[in-house]
Amino acid sequence: MSDRGELLVPSDTRSNQALAGNPDYSIWVEANAGSGKTFVLTNRVLRLLLAGVRPQSILCLTYTKAAAAEMRKRVGARLAEWAVDDAATLRDKLEKLTGRDPSPAQVEDARTLFAKALETPGGLRILTIHAFCEAVLHRFPIEAGVPFDFSVIEEDRQVNMLLAARESVLAEGLRGGANAAAVETLFGLISDHAIAEAIGAALGEGARLKPVLADPSGAKARLRALLGRPGKASDITAAIVSDTALDKSLWQEIVSSFDADPAGKRFIDQVARLNPDRLTADQLCSLFVTEDKERNKRPRANLLNAEQRRQKPHLQPLLEA
């Protein structure tokens, strides 16, 4: 710091900043936060204007709205100062900015830049990347395949809209509406939090889901064909139970093999809960699938323990089948 409280910048830093602000060069700047990047960008925009570039031909993109606002504020403040500075002060500022003694014509041009920026339709284009992309889509809606009058909603409003839509659909189902069966099935499979996450994931795959939603019945038929089973849970269960690997005689053999066998207590307790006449998918899962602490389901590593496999060696392949 100087005696007057000014920040002293090393000469090599000042020269590097001057080089980076020179519009005659294509420059890539990589620097830490607070090191003067915005200052350099501001100088570069000002030097482009001094070089005769039209304000509407300059595009400055940033990542955040705050950064864009700060850039506009700094450029506007400098141009406003130039418009009212006396000749000597303005000449000194221009010399520090460009590194050259400005001509009288350049000094006068600098005074008019503030008015030119104000008269530019839409002002100086210092925007976020998202805002720029939105502007391009508005100019070419047909080519982009978007409605000509579309608008981008803010994230907080998007969250509220999704919440309202989800609650409306679920409430209608819980009241016994047209989608009551679907809502009941949904709550039977996953939690409310998981439903919210699933909706978010589905929206993220909107382009891929669009043809499915356009033909839901056809999509279900294709899914059934892919799985090789009918679509309803009751039909799937009936098809599994009717399979020869799970007929009544096999269940009776398994149960009778472990009857009064201490080594088979855990397994026989599970099998005893399975009624071949009223077998459900959940019951089958409880027998052949286990769940870890994170509630992730996985196949049981061993359907029978070592003692059970030793006593009844013929049962393991039957259960695996």
ask   = Only one of (1) over 24 Å from Cys133 (Cα atoms); (2) exposed (fewer than 15 other Cβ atoms within 10 Å of the Cβ) is not met by Lys65, so which one is it?
value = (1)
request  = Quick one: count up the residues across the stretch 23-48 that are part of a loop (DSSP other than H, G, I, E, B), crowded, with 18+ Cβ neighbours inside 10 Å and over 32 Å from the mean Cα position of the chain (by Cα).
outcome  = 0
remark   = Looking across the stretch 84-128 at residues that are hydrophobic (A, V, I, L, M, F, W, C) and touching a strand residue (DSSP E or B) at 6+ places or on another chain (Cβ under 7 Å), the single one that is surrounded by the most Cβ atoms within 10 Å (Cβ to Cβ) is Ile126
query = Is it the case that Gly99 is at positive phi, in the same structural domain as Asp24 (by TED's automatic domain parsing) and touching a residue at least 60 places away in the same chain (Cβ under 8 Å)?
reply = yes
ask   = Is there a residue in the stretch 76-85 that is of a type outside the set (A, V, I, L, M), under 38 Å from the mean Cα position of the chain (by Cα) and on the phi < 0 side of the Ramachandran plot?
value = yes
message = Tell me yes or no: at least one residue of the stretch 158-172 is basic (Lys, Arg), assigned by TED's automatic domain parsing to the domain that holds Ile199 and in a helix (DSSP H, G or I).
response = yes
task = Give, as residue ranges, the helices (runs of 4 or more DSSP H) completely inside the stretch 49-145 that count at least 3 residues that are modelled with pLDDT of 90 or more, among the aliphatic types (A, V, I, L, M) and closer than 24 Å to Gly34 by Cβ.
result = 65-84
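The values are calculated or read from the model by the stated rules, or taken from the named source; none is laboratory data. Note that this is a predicted model, so its numbers are computed, not measured. Please note: Cβ atoms are built from the backbone with ideal geometry, for glycine as well, and neighbour counts cover all protein chains shown.
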